[in-house]
Amino acid sequence: MADVKHWDSEETLKQMKDAMAIDDEGMFTLMGRRIVVTPQKTFGLMMRSAADLGGINAAKIFMRQAGYEIAIDMAKIIKELLKIDGEELIVFYCETAGKRGWGFNVIEEIDVEKGFIRTNLYFSPFVTGFPEGLEVSACDFQAGAIEGMFNAVGKNKVHIVETKCVAKGDDVCRFENK
């Protein structure tokens, strides 16, 4: 892995704080774009509600696509704000996920040139509301988001799979490309 500086430095957090504001209509913004601040449990409830309405497979497709699209948009913001790209962009996204309520990623291995990542997600918000012992993984939003980040750096053939999931009874949610 390339030598990547720590993105939770006081300077970087100050840059992010300075980029946040409240617009004329009272909405939070980040770099001029409106953002939503919501409890972490909301996303697990969205996943469960989608599964209740259309079945778990439809929920997985919906959440994967949502994660992908949001990551593409988030990558634009990160590139503009922090002027980073490539492996640094993906590492930043993964390492700061916990600060944004998406659970804490610990990257075990990454090689952006080869389109490879293996990361563990702790405290995933997407398993909320599912009983342990689900037969399929539940964190498709995160899988889609990691795919979106790879796409944002020009690696659009990467397919991320959740190989372990807390909702299935595993000790961690693990993502890697297959």
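The values are calculated or read from the model by the stated rules, or taken from the named source; none is laboratory data. Computed from a prediction, not measured in an experiment: that's the story for all the values here. Neighbour counts run over all protein chains shown; Cβ positions are idealised from the backbone, glycine included.
Listing for the model above:
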| read-out | value |
| --- | --- |
| Test: residue in segment 135-149 that is surrounded by fewer than 16 Cβ atoms within 10 Å (Cβ to Cβ) and either among the basic types (Lys, Arg) or in contact (Cβ under 8 Å) with a residue 12 or more places away in the chain (or both) | yes |
| Residue 95, sole failed condition from (1) exposed (fewer than 12 other Cβ atoms within 10 Å of the Cβ); (2) in contact with a His (Cβ under 9 Å, 6 or more places away or on another chain) | (1) |
| 1 or more residues under 23 Å from residue 40 (Cα atoms) and acidic (Asp, Glu): qualifying strands (runs of 3 or more DSSP E) within segment 98-176 | 160-164 |
| Residue match in segment 106-118 (condition: surrounded by fewer than 22 Cβ atoms within 10 Å (Cβ to Cβ) and closer than 19 Å to residue 51 by Cβ) | no |
| Test set (1) among the hydrophobic types (A, V, I, L, M, F, W, C); (2) in contact with a Ser or Thr (Cβ under 7 Å, 6 or more places away or on another chain); (3) touching a residue at least 24 places away in the same chain (Cβ under 8 Å) - residue 121 fails condition number | (2) |
| From 167, 152, residue being small (Gly, Ala, Ser) and surrounded by 24 or more Cβ atoms within 10 Å (Cβ to Cβ) | 167 |
| Flag for residue 91 being modelled with pLDDT of 90 or more, at negative phi, of a type outside the set (Phe, Trp, Tyr) and not in a helix (DSSP H, G or I) | no |
| Filter result (in contact (Cβ under 8 Å) with a residue 40 or more places away in the chain and assigned to a helix (DSSP H, G or I)) within segment 75-88 | 75, 76, 77, 79, 80, 81, 82, 86, 87, 88 |
| Residues located in segment 4-40, provided they are assigned to a loop (DSSP other than H, G, I, E, B), modelled with pLDDT of 75 or more and of a type outside the set (A, V, I, L, M) | 23, 24, 25, 26, 32, 38, 39, 40 |
| Positions within segment 56-65 being surrounded by fewer than 19 Cβ atoms within 10 Å (Cβ to Cβ) and more than 13 Å from residue 134 (Cα to Cα), in sequence order | 58, 61, 65 |
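Matching residues to (1) without any contact (Cβ under 8 Å) to a residue 60 or more places away in the chain; (2) over 15 Å from the mean Cα position of the chain (by Cα); (3) over 20 Å from residue 123 (Cα atoms):
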{"position": "16", "(1), (2), (3)": "no, yes, yes"}
{"position": "24", "(1), (2), (3)": "yes, yes, yes"}
{"position": "30", "(1), (2), (3)": "yes, yes, yes"}
{"position": "35", "(1), (2), (3)": "yes, yes, yes"}
{"position": "49", "(1), (2), (3)": "yes, yes, no"}
{"position": "53", "(1), (2), (3)": "yes, yes, yes"}
{"position": "63", "(1), (2), (3)": "no, no, no"}
